[in-house]
Each structure stands twice: as structure tokens, then as C-alpha cells.
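**Q** The structure that follows is given in the form of C-alpha cells.
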Amino acid sequence: MFIKRFLLTQYGLRCYLCQHRSKSTVGHQKTTTVLGQSYEVDPWTNVSPAILEKIGMNLHSQKYHPICLIRQRIQDFFYKRFTKRGNPIFSVFDNESPVVSLKQNFDNLLVPENHPSRNQADSYYLNSAYMLRAHCTAHQQDFIRAGLNSFLIVGDVYRRDTVDSSHYPVFHQLDGVRLFDKHDLFEERVSQPDALQLFDDTKHSALNQAGHAIEATLAVQHDLKSTLEDMATILFGKDIETQWVDAYFPFTHPSWELEIKYQDKWLEVLGCGVIQQQILNKSGAGSKVGWAFGMGLERLAMKLYDIPDIRLFWSKDQRFLDQFRVDDPHSNIQFKPFSIHPPCDIDLSFWIPEMFQENDFYDLVRSLGGNIVEKVELIDVYTYTKLKRTSHCYRITYRHPDRVMEKVEADAITKKIAAEASTKLNVKLR
Ligand code: FA5
Ligand code: MG
């Protein structure tokens, strides 16, 4: 989300879900309560009840849950790799509230005012000051400011995104940060560390930030990439196929994404880079340089355990959960599918209004259909030039995890979706 959405059009402020049950009215003031804290509803509010229900579930801390198991494995890797005199040097934070200020999610990380990721169509806002974090990087500056050099942040993150087998509006990230002074960075790499510098007057280029000495950038980059490659090898074995792709994030430069082969396709699992020096300068760590990464735990767990669909992580079905009941998180587990029930596809076509965001529709489908919706795909766009009207046709794929999905049942949900789409999103059904 932080790199690819440059084509989104701006859209007006509005709140199409304001009237929902989870919002309460106190006097004249409408509020939303999250984890015991009330937030005033305003035109930026766009959290839906289906999303609010997920807050506090903390799959990353639920014993035996696959998200918790993989997080333990990754945590163990960092503890083992970075140990000084028998003590791990990485601290782990897994209990930060997912409600963050816009300052934490964006400003502290140098995300420009007009960056598309700030759009209401992409993130869940409680109001114009608070949101559900869209990435764990939202906490990075707070911990650096507190004086930490090496830490991991694990948590649930929330995004208005497409719905398919590898995208879900709530997922889990594990972020890592490591800062170095000159001694930390060069000591193990060269025989005369004192001859090298962290900073000099090198100009900005595709390969480094202005003011970072080339030897420092290269050493940070090497430490970062070798750490993440070794983690991939330890998780998946030495035959794992990986590739680095150049990327852009406002908070790192240079930046990369790591992709792994999954079901014969490249799957992006993490973003990373050299931390923008401006962030370290503002946080009292200006004499150091460092790296940061953020990875998607669901995608890594899908590869590790052979889980074919991201929705399964939310399953309460014992046939899913029991497969992960192991005391040793390093046990070898291959998920055995249990739902062989056929899907049921229903197409829905409508004329879209001038201000239409596909994510509003995906969100509405998710709110009304819940986990029974496997996929929503835009399968046809038709423009009637004479009347200057455009129509979208979406294919909604329903699949029940526990039983056959009857067509009448899918039709009934689609009817509700159609009705809400016409009243709340102003579409005209065809
Ligand atoms: C970020 O979120 C950056 N904060 C990562 C980062 C941290 C970069 C620190 C540099 C320094 P991105 O939007 O690409 O980047 O998401 C990171 C990972 O989250 C992805 O690689 C992917 O594994 C996972 N992810 C993203 N969207 C979804 C989704 N809808 N469902 C499941 N996983 C997702
Ligand atoms: Mg990405």
C-alpha cells in the first residue's frame, strides 16, 4: 500500500457506515468505542462493525495459533542470531494498541500529506485524528525515541484492500529495526574499522541517502539482506526460491521487497530498507544508521504450513485449529485441507456514480458476507459513451468452510449487498 497506489483519485469526505450498531450516541455526540476508549465520530470515520469485531483477537499471541507459532519461530531466529554475552539484544513488543494517531502512522514516517495511502479508501479511520494502524511501522519512531537500538514489533494491522486468497483487511505484521554506531557496523566486517565512516558528503543517488558514506550504506544493506535471507532459509529450507525487488517507501532509502515462490507464483512477503536519516535525527539517534523491515505473517505462514487461503486464519473450526496444537513451534506441520465444498459464484452489475471507490464495495461485501465470501473480482467494465455512464460487474465467490453453500443462501446475501450498495454507495443496479 505504501508504494503502489499512485493512481487513486481523491474522493470527497463522507461516512457511509456512520449509522452502524457499534457506534453509540452520547448526548448529541456519536462515538465509537475501541478497547475501552471512545472516539468521536466525524466525517473521516469509516471503520465497519466487521472490522471492529476483530480488534483484541490478537491471533499473534494466541497459543497454538499458526500466526503465533510462526511469530515465535521468527522471534527465536532473531534472538539466536543477535546475542551478546548470552543475552538476546532484540526486545519484542506485541501488545501495542492498534489504534494510533495519524501522526504515528504517517507523519513520523515522512509520508507526504498528499500520499495516496492517506486516502479514506485505503485505511480505516476512527476519526480525523485516530486510525487503525495500517502497518506496525507506526510504532517505530516511539521506540527509537525511547532509546532502543534493536527491536521487533508484532501486531494486527488494518487496511481497506481487495479480497482474495492472499489479501485480507486485517492481517499481522512483524517489523524489525536495528541501529548501528560505527563500532557495531564495521567491527566484525573489516580489520581497521576506524578508517571507515558512517557519514560523509556523498550525494543522494538510487543507491544511497545524501550524507551516508557508501561503505556504511553497503554494510547496512548487507546486514539487512543477509539477515532476511538467512531467516527465509531457516524457515523454509535451503531450496526456497527468493528474489529481491527494488521498492519505494517514504521512510527508507534504498528500499526493497522480498518475494518468495508460492504455488508457482512470486508472493511479496516483506518490505525493507535503510532508515531515512531524518527519522533518526528527529528521534535522538542521529549519530547512528540503521535498517528496518516489515513482513506479513499470514503470507509466510501460508507458505510454511501450506495454507491455501488467508481467511482460514480466522477459522474457529477445530479441524483447522487442532492441526497446530504443538508445544514446539519448530514442529513440522503441513496443513491438510478439510473443506472440499464447492464454491458458488454470483455476478452483480451496476452503474457506478462519479465518485466510486472499489474498496468501498469490497468493504461492504466483507461486512455483509463475512468469511463466507472467498473472493470478489471486478470481471467487466463497460462504458456507455452516449450517456457517459460506466458499469461494473463483480463476481462474488461464496464458499462455506463447513458445508455446501446453497445458491438461495448466496442469492439472499447478494440481494442485501445490492440493496446496501444502492443506498450507501449510490450505485444503480442493472
Ligand atoms: C509496509 O507495510 C511497510 N511498513 C514495510 C516496511 C517496514 C518497509 C519498514 C520498510 C521499512 P507493505 O505495504 O508492502 O509495506 O506491506 C508489508 C507486507 O505486509 C507485504 O509484503 C505483505 O506480506 C503483507 N501484506 C500487505 N497487504 C496485505 C494484505 N491485504 N493481506 C495480507 N498481507 C498483506
Ligand atoms: Mg508491499
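**Q** Going by average Cβ density within 10 Å per residue, which order do the peptides 397-405, 274-282 take, highest to lowest?
**A** Ranked from most to least packed, the peptides come out as 274-282, 397-405.
**Q** By how many degrees, 0 to 90 and rounded to 10, does the Cα axis of helix 407-424 deviate from the longest principal axis of the chain?
**A** Here the helix axis deviates by roughly 80 degrees.
**Q** What value does region 118-221 have for Rg/Rh, both radii from Cα atoms and Rh as Kirkwood defines it?
**A** Dividing the radius of gyration by the Kirkwood radius yields 1.11.
**Q** Report, in debye and to the nearest 20, how large the dipole of region 281-430 comes out about its Cα centre when Lys and Arg carry +1 and Asp and Glu carry -1 on their Cβ.
**A** Magnitude of the dipole: close to 500 debye.
**Q** Could you give the radius of gyration (one decimal) and Dmax (whole number) of the Cα atoms in region 336-393, in Å?
**A** That works out to 14.8, 53 Å for Rg and Dmax.
**Q** Further question: Mind sorting R389, R430, R118 by how few other Cβ atoms lie within 10 Å of their own Cβ, fewest first?
**A** R430, R389, R118
**Q** Turning to a different aspect of this structure: Report the Stokes-Einstein translational diffusion coefficient (µm² s⁻¹, integer) for region 306-356, Rh taken as the Kirkwood radius over Cα pairs, at 25 °C with viscosity 0.890 mPa s.
**A** 168 µm²/s
**Q** May I pose another question? Report ³J(HN,Hα) in whole Hz for each residue of region 178-183, in order, from the Karplus equation J = 6.51 cos²θ - 1.76 cosθ + 1.60 where θ = phi - 60°; Gly and Pro get x.
**A** 9, 10, 10, 8, 4, 4
**Q** Also: Which whole-number percentage describes the relative contact order of the chain, with Cα contacts under 8 Å and a sequence gap of 6 or more?
**A** This gives 14 percent for the chain.
**Q** Determine ³J(HN,Hα), in whole Hz, for all residues of region 99-114 in sequence, where each value follows from phi through the Karplus function 6.51 cos²θ - 1.76 cosθ + 1.60 and θ = phi - 60°; x replaces Gly and Pro.
**A** Calculated HN-Hα couplings, in order: 7, 10, 7, 5, 4, 5, 6, 10, 4, 4, 9, 6, 6, x, 3, 9 Hz.
**Q** Which whole-number percentage describes the relative contact order of region 148-217, with Cα contacts under 8 Å and a sequence gap of 6 or more?
**A** The normalised contact order for region 148-217 reaches 22 percent.
**Q** After finding the eigenvalues of the alpha carbon gyration tensor for region 254-337, what semi-axes result from the square roots of 5 times each, listed largest first in whole Å?
**A** Calculated on Cα positions only, the semi-axes equal 35, 16, 11 Å.
**Q** What is the distance, in nm, between label points placed 7 Å from the Cα along the Cα-to-Cβ direction at K80 and at V381?
**A** Output for this residue pair reads 4.8 nm.
**Q** Dipole of the chain, Cα-centred, from +1 at each Lys and Arg C-beta and -1 at each Asp and Glu C-beta, to the nearest 20 debye?
**A** That gives the chain a dipole magnitude of about 1080 debye.
**Q** Once the Cα atoms of region 318-420 are picked out, what are the Rg and Dmax in Å?
**A** When restricted to the Cα atoms of region 318-420, Rg and Dmax are 18.4, 65 Å.
**Q** Something else about it: Take the alpha carbon atoms of region 240-268, find their center, do the same for region 59-127, and report the distance between the two centers in whole angstrom.
**A** 18 Å
**Q** Related question: I'm checking a number: the convex hull volume of the Cα atoms of the chain, normalised per residue, in Å³. What is it?
**A** Output value, Cα hull per residue: 166 Å³.
**Q** Further question: Which value, in debye to the nearest 20, gives the size of the charge dipole of region 135-199 about its Cα centre, when Lys and Arg are +1 and Asp and Glu are -1 at the Cβ?
**A** For region 135-199, the charge dipole is close to 160 debye.
**Q** Let me ask you something else. Going by average Cβ density within 10 Å per residue, which order do the peptides 62-75, 102-115 take, highest to lowest?
**A** By packing density, highest mean first, the sequence is 62-75, 102-115.
**Q** For a quick check: with amide H placed at 1.01 Å from N, whose amide H comes under 5 Å from A129's, ignoring anything fewer than 5 positions away on the same chain?
**A** Residues meeting the criterion, in which the H sits 1.01 Å from N, do not exist here.
**Q** If you don't mind, there's one more thing I want to ask. For region 48-59, just list the computed ³J(HN,Hα) in residue order, Karplus coefficients 6.51, -1.76 and 1.60, θ = phi - 60°, integers in Hz, with x standing in for Gly and Pro.
**A** Per residue, the Karplus-derived 3J(HN,Hα) values read 10, x, 4, 7, 4, 4, 7, 5, x, 6, 6, 4 Hz.
**Q** Length gain on complete extension for the stretch K103 to A418, per 0.36 nm per residue less the alpha carbon to alpha carbon distance?
**A** Answer, rounded to one decimal: 109.7 nm.
**Q** Here's another thing I want to ask about it. Roughly what % of Cα-Cα distances in region 234-287 sit above 16 Å, to the whole percent?
**A** The calculated P(r) of region 234-287 puts 54 percent of pairs beyond 16 Å.
**Q** Name the residue from H183, S205, S226 whose Cα lies farthest towards the positive end of the charge dipole of region 177-230, charges +1 on Cβ of Lys and Arg and -1 on Cβ of Asp and Glu.
**A** S205
**Q** Please compute the contact order of region 152-306 in relative form: average sequence separation of alpha-carbon pairs under 8 Å and at least six residues apart, divided by the residue count, as a percent.
**A** 23 percent
**Q** With unit charges on the beta carbon (Lys/Arg positive, Asp/Glu negative), name the residue among I417, L429, Y384 whose Cα is farthest towards the positive pole of the charge dipole of region 382-430.
**A** Toward the positive end, the furthest listed residue is Y384.
Since every read-out is calculated from the coordinates, none of them should be taken as a lab result. Predicted, not measured: the structure shown is a model, and the values here were computed from it. All Cβ positions, glycine included, derive from the backbone under ideal geometry; neighbour counts span all protein chains shown.
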